[in-house]
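A short write-up of the structure that comes next.
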Amino acid sequence: MSAMQPAKPLDPQLDATVEASGHVDLTAENPAAQNLAAEKLAAEKLAARPGPTTRSDQVSRTDVVVPGDPDVRLRVHRAVDSADDNLSPCLFSMHAGGYVVGDTAMDDLLFDQWCPRFGLVGVSVEYRLAPAHPYPGPITDCYTGLTWVHEHAGELGIDRSRIGLHGVGAGGGLAAALALVARDHRDIPLAFQLLDSPMLDDRQQTFSRRLDGLAIGSAKSAEFGWRAYLGDRYGGPQVPIYAAAGRCSDLRGLPPAFVSVGSLDGLHDEAVDYAVRLNQAGVPTELHVYPGAPHGYQLAAGSDVARQSARDRAAWLGRQINR
């Protein structure tokens, strides 16, 4: 890897959010990397921002256990006034957290907004976390959860023809990988995939991954997440495409995609490359790059860039579920 390059200036509206986050890199030496409580505390600090920060009473949340070896936990979200006799689109979501932290509660506020707005059923999967559970544990949990949702779509009031994927960060990487699994197994037709700042490629050879002084999400932090997830396979030739979707050379036959990323995110280049290659493979793909935005910029909900991103994601999602 060549010498680190200096990062460009951060969007001024995001300075306060980065400072409030108390952000620390996830590394093997840092207890926060293996302490979910510490990550939740950081999320609570970030929640001190304009916009809704408490759970809505207009959306019901039901936790479901999918029996298996091991069991997989899902959280099902739906608007309380949704019509029981109409089949709804479904958004199956994987939370962020660098493959090592996080839980389904991270999706609560998102589905509080999207379930009533789009009349969709939101499903968050509680996938196992690395390093205790490296690949293929997490993606297996996601596939098990998605399969259960597809098989029980009628009971859940879900339209099987309108099931899409969503993920942020490592969740975006899992969503991209899950789309590949579903395509290759040919058992679950997916309607779309929404990849927000996706973590796609463990090789970390891009220009953006070498930027120095990133506000959030350093190369060291990304390396820790990938090493935790992949173990001895990290960076080597034996990493499957279902572990790191960015390694897939044949992207044909995937569902329409939305890819978004900040210009000051270390994941910028791999996200842009994936979007370009999806388009080249004939997959309708919309790409958004937000200037001056670091990894996690979406949490600064009151900033102009986060508002624009929210509008872009919602506009695209609305088009997909109303096809």
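Any read-out appearing in this document is the output of simple, stated calculations on the displayed coordinates, not a laboratory observation. As the structure is a computational prediction, the values presented were derived from the model and not from experiment. All Cβ positions, even for glycine, are placed from backbone atoms using ideal geometry, and neighbour counts span all protein chains on display.
Given the criteria at positive phi, surrounded by 21 or more Cβ atoms within 10 Å (Cβ to Cβ) and either of a type in the set (S, T, Y) or touching a residue at least 24 places away in the same chain (Cβ under 8 Å) (or both), does G225 qualify?
Against the criterion (at positive phi, surrounded by 21 or more Cβ atoms within 10 Å (Cβ to Cβ) and either of a type in the set (S, T, Y) or touching a residue at least 24 places away in the same chain (Cβ under 8 Å) (or both)), G225 does not qualify.
Just one of D265, D269 is surrounded by 24 or more Cβ atoms within 10 Å (Cβ to Cβ), charged (D, E, K, R) and in contact with a Phe, Trp or Tyr (Cβ under 9 Å, 6 or more places away or on another chain); which is it?
Just a single option satisfies the conditions, and that option is D265.
Which members of segment 301-314 meet the condition of being crowded, with 22+ Cβ neighbours inside 10 Å and under 17 Å from the mean Cα position of the chain (by Cα)?
Selection gives A306, S309.
Counting only residues that are closer than 16 Å to N86 by Cα and in contact with a Pro (Cβ under 8 Å, 6 or more places away or on another chain), which one in segment 144-165 is surrounded by the fewest Cβ atoms within 10 Å (Cβ to Cβ)?
S161
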